[in-house]
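Remarks on the structure that follows.
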Amino acid sequence: MSRVLVVEDEAHLAQGLRFNLQAEGHAVEVAGDGETALDRLIEKRERFDAVVLDVMLPGKSGFEVAALLREKKNYVPILMLTARGRPEDVLEGFAAGADDYLPKPFELAILIARLESLLRRSVWMQDSDPASAGDGTGTSNDNGQTRLAPSGERETGGDTFSFCGKSIDFRELELRSLGNTIHLTVMEAEFLRYLVRSEGRVVSRKAILEDVWGLHEDTDTRAIDNFVVRLRRYIEEDPSRPKHLQTVRGVGYRFVAEPE
Ligand code: CA
């Protein structure tokens with residue numbers, strides 16, 4: 001059973017979400033404003049598996065709440081509820097550290113599907129199963145795909161990928177670089193995994209949105225760019241002159257593990 005925190009001031013909507021998510025088997029708590037949510041998540045250190053966070057809240061906005069959580073090193077998966085027709089909300093939400101978003105008004109079935117997807121990824125990413133890590137059978141790690149390291153010497157075992165002195169640990173959601181450990185959100189890790197799998201190939205923004213976020217609707221593909229900016233800060237020596245996460249103008253992005 002997952003614990004979900006719904007942060008929404010409109011009582012009927014919050015209760016509707018609570019009722020329906022409980023019917024899906026989740027334990028649901030409701031916070032009517034951002035301050036309450038921050039108090040529970042940061043001050044009281046309550047553990048939740050996901051947060052459904054409305055943007056429009058009294059007091060602190062959903063953007064501020066997400067940004068504060070990430071600033072305080074809380075990486076709980078966040079599904080942000082934005083206002084329809086405001087693509088800038090989506091961009092701002094991703095920039096603030098949201099993992100996924102849904103425009104309001106939404107269909108309940110879609111919200112549940114998005115939330116389940118975030119929870120599944122979270123579990124899958126963090127599923128520490130040391131028994132299977134060293135079984136030596138070369139098991140595939142998801143969807144029947146082969147291990148992600150494109151060549152033997154870069155594979156360091158378990159669910160990690162190492163390149164140029166950096167190491168991404170997909171299970172711990174960590175990126176280690178020169179003695180620094182950066183914590184990744186679920187979707188940052190998922191995006192990195194996708195890029196690593198596509199190493200050397202150009203991937204379009206549209207393909208990224210579809211394959212990583214499962215977004216098939218006509219989303220503003222610039223949403224991806226916010227994630228790219230963050231990932232570059234993590235993996236590039238000079239984020240303004242990226243060598244690993246390259247922009248391919250007019251097309252998309254290309255990840256190169258070991259540039260010349
Ligand atoms: Ca609201």
One residue from 243, 166 being of a type in the set (Lys, Arg), outside the structural domain of residue 93 (by TED's automatic domain parsing), over 17 Å from the mean Cα position of the chain (by Cα) and under 30 Å from residue 49 (Cα atoms): 166
Filter result for residue 100 (within 18 Å of the chain's Cα centre (by Cα) and within 12 Å of the ligand (Cβ to nearest atom)): no
Failed criterion for residue 66 (all others in (1) away from the ligand (no atom under 16 Å from the Cβ); (2) crowded, with 16+ Cβ neighbours inside 10 Å; (3) under 18 Å from the mean Cα position of the chain (by Cα) hold): (1)
Looking only at region 249-260, and only at residues there that are closer than 21 Å to residue 221 by Cα and within 23 Å of the chain's Cα centre (by Cα), the one that is surrounded by the fewest Cβ atoms within 10 Å (Cβ to Cβ): 251
Elements of type strands (runs of 3 or more DSSP E) contained in region 24-96, each with 1 or more residues being in the same structural domain as residue 117 (by TED's automatic domain parsing), out of contact with any Cys (no Cβ under 8 Å at 6 or more places or on another chain) and modelled with pLDDT under 95: 78-83
From 11, 50, 27, residue being within 16 Å of the ligand (Cβ to nearest atom) and of a type in the set (Gly, Ala, Ser): 11
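The values are calculated or read from the model by the stated rules, or taken from the named source; none is laboratory data. Bear in mind that the values here come from a model prediction, so they are computed numbers and not experimental data. Because the Cβ atoms are built from the backbone with ideal geometry, glycine has one as well, and the counts that use them run over all protein chains shown.
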